[in-house]
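Working notes, beginning with the structure itself.
The values are calculated or read from the model by the stated rules, or taken from the named source; none is laboratory data. Note that the structure is predicted; figures quoted are calculated from it, not measured. Quick reminder, even Gly has a Cβ in these numbers, built from the backbone with ideal geometry, and neighbours come from all protein chains shown.
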Amino acid sequence: MSDFILKINGTDRHVSASPDESLLSVLRDRLDLTGTKYGCGEGQCAACTVLLDGKPVHSCLTSVVAAAKSNITTIEGLEKNGGLSPVQQAFVEEGAFQCGYCTSGMVLRATALLQATPHPTEDQIVSYMNPNICRCGVYPRIIAAVQRASGSPEKAGGQ
Amino acid sequence: MSALDPMAAELAEHTIDDKPYWFRVDRRDFLKLFGGGLLVCLTERSILAQESGRTFGSHELPDDIAAWLAIAPDSQVTVMTGKVEVGQNIRTSLAQQVAEELRVPFDSITMLMGDTDLVPWDAGTFGSRTTPTMGPQLRKMAAAARQVLLEMAGKRWNADATKLVAADGKVTDPHSGQSLRYGELTRGEKLTQTIAADTSLTAASDWKIAGTAVPKVNGRDFVTGKHKYPSDIVRPEMMFGKVLRPEGYNAALVSLDASKAEKIPGVTVVHDGNFIGVAAPDLPTAERGLSALHANWNVPAQPSNQGLFESLKQSSAGKQDEDSPAQSTEAVSQAIAAAPVKLHQQYTVQYIAHSPLEPRAAVAEWNNGKVTVWTGTQRPFGVRDELMAAFHLPVEKVRVLQPDMGSGYGGKHTGEAAVEAARLAKATGKPVKVVWTREEEFTWAYFRPAGLIEISSGATHDGTLVGWEHHNYNSGPAAITTPYNVTHQLSQYHPADSPLRQGSYRSLAATANNFARESHMDEMAHTVGMDPVEFRMKNLTDARLRAVLQAAADKFKWGASKSTSQRGFGIACGTDKGGYVATCAEVEIDPPDKKIKIRRVVQAWESGAIINPDGLRNQVSGAIVQGIGGALFEQIRFANGRILNAHFAQYRVPRFSDAPQIEVVLIDRRDLPSAGAGESGIIGVAPAVGNAIFAATGTRLRNMPLVPNGRIV
């Protein structure tokens, strides 16, 4: 076991973990930040997406050592002064979830997308968001939520 | 199981009875179970077999209001139900119905769901039963409660209760103008009255809260990560458990060396009966403990995908489905033989996995001989039964709680993780969490059944169906009967020996049966030279099915453009569990490599009075996307008791790039009772897509998945 200081959502968090432990396991099981989800542990579903210095990563494949160098953003860090972020707000307004288990990862990846590309086209949204699986199949609404958050008037899916 | 007992029939089709674990029964437990006098030598397995009988027959729904709803002094209403929220949005839609009948603001309702100590017994959340059964049940209770409140106010004011008005959480006397909030009337007392049989419900045409697009109640908790799923539950001093899985199905343990694992500080190894697991204070240590276990297994030779359908059909010989007795085929075969146009085709569906994004998970803890388990399941009371059987406990010593979970799709009827966590918690004396890995979920859950379907049909040259014979081997009887008018028809389900553990999946076999039937209908339409919509309409009188077929065709502009070699249009329809669906698909075929892309899906849906149009739209749209997986590329590959593609990297599920443009047309029939809508929206996708591929290419694909590698072979 080693001691780490992780910068999570703007706060330094002290944690003991073995260096090869995944960031996912540290967040969920040592810091009780359970908003980050386990879906596959293999980097295939992106339910565990968090942002390292604003870039989306699979926390299941990121070691705590690697994460210790960066600013870590989890779903718990998006609200500002009790208000939802524009992406969170757009997901609520579009009803862009069913079971919601993929939502944390979706919201974080969409947040990163809009940081890099404030007004993405539908094709850009699809290709950027494609690593994230939603088994309930809410993709059209998630695309619409990203468009809403980007201020784009057009709606995807049309359903 | 008999036709007289619909609950039994439904459970039989939805329930998996095999018990993955048997634990050793020690002498003390044995005596408790059977009393001192019984000296019959039973094997451990047969004890469990005796206990596995279903017990739903003894369950009766309570008819006192207090069992279902409680009004607090602050007028907040708690509604109790054994149904569970798995993403289908019933936490919202049931609350809407209660708010409607009770005449309270929607946000004064809290749903307490799936806690076996606190809610009335329930068979489980499956079969699209919540809306047609739990909805009316809770509405009745709410309407009765409203009546009681009016009477309480009448007594309090010495007024005629029939002249009082219940609205907005208050009873008001329009004559005197005085009013009391519900909580002021009940003052926290339980409503112990029983409901009258003739409790009348508010007509859907008068709905103000039901029937509207109320947003998901706790939507904010899902975008902030606050919601605690089963796998998120944490208990004081909780440990983490892992289970040693055999090398293959039906494997026998030859030897186990746990010495290395036991030397790891903090690791507890449990070997009991056929269960081998470890627990440790943290997950990485538990994982190290698991990999330090050295076991040798003997895995018997077992079937593979190769020859699957032949073996299913062979093994069905001599078996009979009690609900679908053998019928004489003579009149039907004669009608088909005499028909001027005949078709005989085979269709297959492969095993597929539910792969809910949250795998099986449970946290168990023991206190004074009582086990409490938080787990993700569609059947909290079924899991309670499993725990009672596994640990030989009376009902009051088991509590199962089901936090709203990361979906199920019919795949979480069983309580494996609950039993595993409880066994490890019993050994360690501390709460234990078990979360299955993705590979475990793919391998040790259960699958949608594979199946072989044979259809023979006959028609006249003018496109009138005269004979229809449909045989389903193994996949199931759901929606097996044709909705079309055919004088001579026979539909039969043949149970078979499944090489894999199989069970419920969204819509059960309705997807397979509808795929075969609607593909066959398309083929017959082309054979007699008729437009597929016209051919269906000619043989269809069911007004509700005709209405969705027409609505989908209209919205899609069916017939406006002709299919080309690169763009095909297909249509299919069907009905199951009170839902009526018609699906139009537009498919694009990339000429050089014959790659398939579904561009657009229009789906019309009708299931009686709509309780929440936004939730319904979400379900119907989601069913289309999920259906695309089974239609195009999902299939489990297996050989010799092993799953060969137990990872998302090898088992392709629909992603953003697979989702077409989706247009959902909802038909709101406020004159008809509401049916469940979480399932049947999936049954039109595969045949509509297959028919579109045929329209473009002339290639008829009769096996699901249609294009496992993404392209037409």
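Worth a mention:
- B:Asn645 fulfils the conditions (1) surrounded by fewer than 23 Cβ atoms within 10 Å (Cβ to Cβ); (2) within 24 Å of B:Ala551 (Cβ to Cβ); (3) of a type outside the set (Ser, Thr, Tyr); (4) touching a Lys or Arg at 6+ places or on another chain (Cβ under 7 Å) except for a single criterion, (2).
- Conditions (1) within 21 Å of A:Leu113 (Cβ to Cβ); (2) at the interface with another protein chain (Cβ under 7 Å from one of its Cβ atoms); (3) surrounded by fewer than 23 Cβ atoms within 10 Å (Cβ to Cβ): number failed by A:Gly39: (3)
- Matching helices (runs of 4 or more DSSP H) fully within segment B:132-237 where at least 3 residues are within 29 Å of the chain's Cα centre (by Cα) and within 14 Å of another protein chain (Cβ to nearest Cβ): B:219-223
- Selection from segment B:649-665 of residues that are more than 7 Å from every other protein chain (Cβ to nearest Cβ) and out of contact with any Leu (no Cβ under 9 Å at 6 or more places or on another chain): B:Tyr651, B:Pro660, B:Val665
- Figure legend. Inter-residue proximity from segment B:60-72: first residues in contact (Cβ under 8 Å) with a residue 24 or more places away in the chain and surrounded by fewer than 20 Cβ atoms within 10 Å (Cβ to Cβ), second residues in a helix (DSSP H, G or I) and not acidic (Asp, Glu), beta-carbon distance below 8 Å, spacing 6+ or different chains. Indicated pairs: B:Leu61/B:Gln137; B:Ala72/B:Gly183.
- A Cβ distance below 7 Å, combined with a sequence gap of six or more or placement on separate chains, defines the contacts here; from segment B:656-674, residues that are surrounded by 16 or more Cβ atoms within 10 Å (Cβ to Cβ) reach residues that are among the hydroxyl-bearing types (Ser, Thr, Tyr) and outside any loop (DSSP other than H, G, I, E, B) in the pairs B:Phe656/A:Tyr139; B:Ala659/A:Tyr139; B:Ile662/B:Ser621; B:Val664/B:Ser621; B:Ser674/B:Thr131.
- Test: B:Ala338 is aliphatic (A, V, I, L, M), modelled with pLDDT of 95 or more, farther than 30 Å from B:Asp122 by Cα and surrounded by fewer than 16 Cβ atoms within 10 Å (Cβ to Cβ): yes
- Residues of segment B:616-648 that turn out to be touching an Asp or Glu at 6+ places or on another chain (Cβ under 7 Å) and closer than 21 Å to B:Glu247 by Cβ, as a count: 2
- Residue check, B:Pro673 part of a loop (DSSP other than H, G, I, E, B) and either within 14 Å of another protein chain (Cβ to nearest Cβ) or more than 16 Å from B:Ile589 (Cα to Cα) (or both): yes
- Of all residues making up segment A:10-30, the number that are closer than 15 Å to A:Leu52 by Cβ, of a type outside the set (Gly, Ala, Ser) and within 11 Å of another protein chain (Cβ to nearest Cβ): 3
- Count of residues meeting criterion [closer than 11 Å to A:Cys60 by Cα and within 16 Å of the chain's Cα centre (by Cα)] in segment A:1-21: 0
- Of the residues making up segment B:366-383, those that are in a strand (DSSP E or B) and either surrounded by fewer than 24 Cβ atoms within 10 Å (Cβ to Cβ) or of a type in the set (A, V, I, L, M, F, W, C) (or both) are B:Trp366, B:Asn367, B:Lys370, B:Val371, B:Thr372, B:Val373, B:Trp374.
- Taken over segment A:42-76, the criterion of being within 9 Å of another protein chain (Cβ to nearest Cβ) and out of contact with any helix residue (DSSP H, G or I) (no Cβ under 6 Å at 6 or more places or on another chain) is satisfied by A:Glu42, A:Gly43, A:Gln44, A:Cys45, A:Thr74, A:Glu76.
- Contact annotation: residue pairs with Cβ atoms under 6 Å, 6 or more positions apart or on different chains, pairing a residue in segment B:372-398 that is over 18 Å from B:Ala361 (Cβ atoms) with a partner that is hydroxyl-bearing (Ser, Thr, Tyr) and part of a loop (DSSP other than H, G, I, E, B), are B:Phe381/B:Thr116.
- The condition (being within 19 Å of the chain's Cα centre (by Cα) and away from every other protein chain (no Cβ under 11 Å)) is satisfied by just one residue among B:Ala623, B:Ala631: B:Ala631.
- Matching helices (runs of 4 or more DSSP H) fully within segment B:19-117 where at least 3 residues are of a type outside the set (Asp, Glu) and modelled with pLDDT of 95 or more: B:90-102
- Residues of segment B:412-437 classified as buried (at least 23 other Cβ atoms within 10 Å of the Cβ) and either part of a loop (DSSP other than H, G, I, E, B) or within 14 Å of chain A (Cβ to nearest Cβ) (or both), total: 10
- Test: residue in segment B:605-617 that is more than 14 Å from chain A (Cβ to nearest Cβ), in contact (Cβ under 8 Å) with a residue 24 or more places away in the chain and among the polar types (S, T, N, Q): yes
- All positions within segment B:242-270 that are touching a strand residue (DSSP E or B) at 6+ places or on another chain (Cβ under 7 Å) and among the small types (Gly, Ala, Ser): B:Gly248, B:Ala251, B:Ala252, B:Ser255, B:Ala258, B:Ala261, B:Gly266
- Filtering segment B:334-376 to residues that are among the basic types (Lys, Arg) and either touching a His at 6+ places or on another chain (Cβ under 7 Å) or more than 14 Å from every other protein chain (Cβ to nearest Cβ) (or both) leaves B:Lys342, B:Lys370.
- Number of the exception - B:Ile598 against (1) within 12 Å of another protein chain (Cβ to nearest Cβ); (2) in a strand (DSSP E or B): (1)
- Taking segment A:90-138 as the range and being among the charged types (D, E, K, R), at the interface with chain B (Cβ under 9 Å from one of its Cβ atoms) and either buried (at least 18 other Cβ atoms within 10 Å of the Cβ) or free of Cβ contacts under 8 Å to residues at least 24 places away in the same chain (or both) as the test, only A:Arg135 passes.
- Entirely in segment B:241-330, the helices (runs of 4 or more DSSP H) that have 3 or more residues that are of a type in the set (Gly, Ala, Ser): B:283-291, B:308-316
- Condition met for B:Gly408 (over 30 Å from A:Leu24 (Cβ atoms) and in contact (Cβ under 8 Å) with a residue 12 or more places away in the chain): no
Residues checked against (1) under 20 Å from B:Phe106 (Cβ atoms); (2) aliphatic (A, V, I, L, M):
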{"position": "B:Ala143", "(1), (2)": "yes, yes"}
{"position": "B:Gln147", "(1), (2)": "no, no"}
{"position": "B:Ala161", "(1), (2)": "no, yes"}
{"position": "B:Val165", "(1), (2)": "yes, yes"}
{"position": "B:Ser176", "(1), (2)": "no, no"}
{"position": "B:Ala196", "(1), (2)": "no, yes"}
{"position": "B:Ser200", "(1), (2)": "no, no"}
{"position": "B:Ala203", "(1), (2)": "yes, yes"}
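- Applying the condition of being in contact with a Gly (Cβ under 9 Å, 6 or more places away or on another chain) and surrounded by fewer than 24 Cβ atoms within 10 Å (Cβ to Cβ) to segment B:442-468 and asking which residue is nearest to the other protein chains (Cβ to nearest Cβ) yields B:Ala445.
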